[in-house]
Amino acid sequence: MTMTALNSLPTAWQDWIVGNLARACEPEGIAEILVRDGRFDPALARSAIEEAGQGRVKLRAPILAAMPDIDTSSNSIRTSDRVVDVLFTLASPRVVLLGNVLSDEEASALTAYCQSRLERSPVVNDNDGTIQQHQSRTSRGAFIQRMETELVGRVEARLAELARWPVDHSEGLQIQQYDATNEYRPHFDWFDPELAGPRKQMEHGGQRLGTFVLYLSNVESGGGTTFPTIGLEVVPQKGGAVFFQNTDNRYVPDARTLHAGSPVVRGVKTIANKWLRERAY
């Protein structure tokens, strides 16, 4: 094979260039990251991008990576300790609504366990990756370490079975409580690798490939989990959960997973988030 600028790069960087061009990213931005993070010569970076864009070289087929996913071939899923109901599925983007993931007692116990630890919920700063409060998120929350209690470990093992994804490839549970008027405005769970802050978060564990939102309470009015791009709203039901994939199977972030926690109108909404990572976390 004739050596060209593109195929002289490591295959992972070749796939990264092709994937970003397919997402209509600006070539100048792609070149900047190649020089800054890949430490490639600027002229080489520009030539490689041009070749990829013009199809001057034959690229190897992109590798389809392993992804967390739920087997929805049946209407219920039997885990080691529970039968979970499949209530709704969407193929693309991948969204699955589940019922009976937690018992009423488990949901109440998780809520009670964190009450004394609740603090104003943070977000990740795009510029430096620090965790800070923001007006877009007005709930209170608490982080629970993996396997922190027997109950937490039991729930995490169940989620790992459902998603067919190792427990150690996930963050700990994040409990969130929304009182009346509290909300979380539209956002993504995936990290944007083109921004310095999210890129720093990816250094440990890689991309957030999947999300579980566990509903620990019923809500009298409001508080749905909405996906505005695809016109979907999930109404909280205690013990249920919604699962969705944040990227495609090449780990390219999926913009259709934009989602929000709608304002609570009456009552209190309590949820637990579980983020599934690309690598051990």
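Read the figures in this text as sums done on the coordinates, not as results from a lab. If you're wondering where the values come from, they're calculated on a predicted model, not measured in any experiment. Positions of Cβ are generated from backbone atoms using ideal geometry, with glycine treated the same way; all protein chains shown enter the neighbour counts.
Listing for the model above:
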quantity: Built amide H within the under 5 Å cut-off of VAL264, gap 5+; calculated: THR181, ASN182, GLY223
quantity: GNM result for the chain, Cα springs below 10 Å: residue of ASN218, ASN75, ASN182 fluctuating most strongly; calculated: ASN75
quantity: Contact order normalised by residue count of the chain, Cα under 8 Å, 6+ apart, percent; calculated: 20 percent
quantity: Formal net charge of residues neighbouring ARG250 (Cβ-Cβ distance under 12 Å; K, R +1; D, E -1); calculated: -3
quantity: HN-Hα J in Hz across segment 101-110 - Karplus 6.51, -1.76, 1.60, θ = phi - 60°, x for Gly and Pro; calculated: 6, 10, 6, 4, 5, 5, 4, 5, 5, 5
quantity: The chain: angle of helix 150-163 to the longest principal axis, Cα-based, in degrees nearest 10; calculated: 50 degrees
quantity: Over segment 178-249 - Rg/Rh using Cα atoms and the Kirkwood inverse-distance radius; calculated: 1.02
quantity: Charge dipole (debye, nearest 20) of segment 3-118; +1 at Cβ of Lys and Arg, -1 at Cβ of Asp and Glu; calculated: 360 debye
quantity: Nearest 10 degrees, 0 to 90: helix 11-22 Cα axis against the chain principal axis; calculated: 80 degrees
quantity: Trypsin sites (Lys or Arg not before Pro) restricted to segment 1-57 and DSSP loop, no more than 15 other C-beta within 10 Å; calculated: ARG23, ARG39, ARG56
quantity: Point-charge dipole on Cβ atoms (K/R +1, D/E -1) for the chain, about Cα centre, debye to 20; calculated: 140 debye
quantity: Between 0 and 90°, nearest 10: helix 27-36 axis offset from the chain longest Cα axis; calculated: 90 degrees
quantity: Among GLY222, ALA52, HIS187 the positive-end extreme of the charge dipole of the chain (Cβ point charges); calculated: ALA52
quantity: Rg(Cα) / (2.2 N^0.38 Å) computed for the chain, rounded to two decimals; calculated: 1.10
quantity: Table column - 3J(HN,Hα) (Hz), segment 74-82, Karplus curve with 6.51, -1.76, 1.60, x for Gly and Pro; calculated: 10, 7, 8, 10, 9, 8, 4, 9, 6
quantity: Residue-by-residue Karplus 3J(HN,Hα) for segment 187-200, coefficients 6.51, -1.76, 1.60, Hz, glycine and proline x; calculated: 7, 10, 8, 6, 8, 7, x, 8, 10, 4, x, x, 4, 5
quantity: Local electrostatic count at ARG120 - Lys and Arg +1, Asp and Glu -1, tallied over other residues with Cβ under 10 Å; calculated: +1
quantity: Compactness of segment 12-54 as Cα Rg over 2.2 N^0.38 Å, two decimals; calculated: 0.98
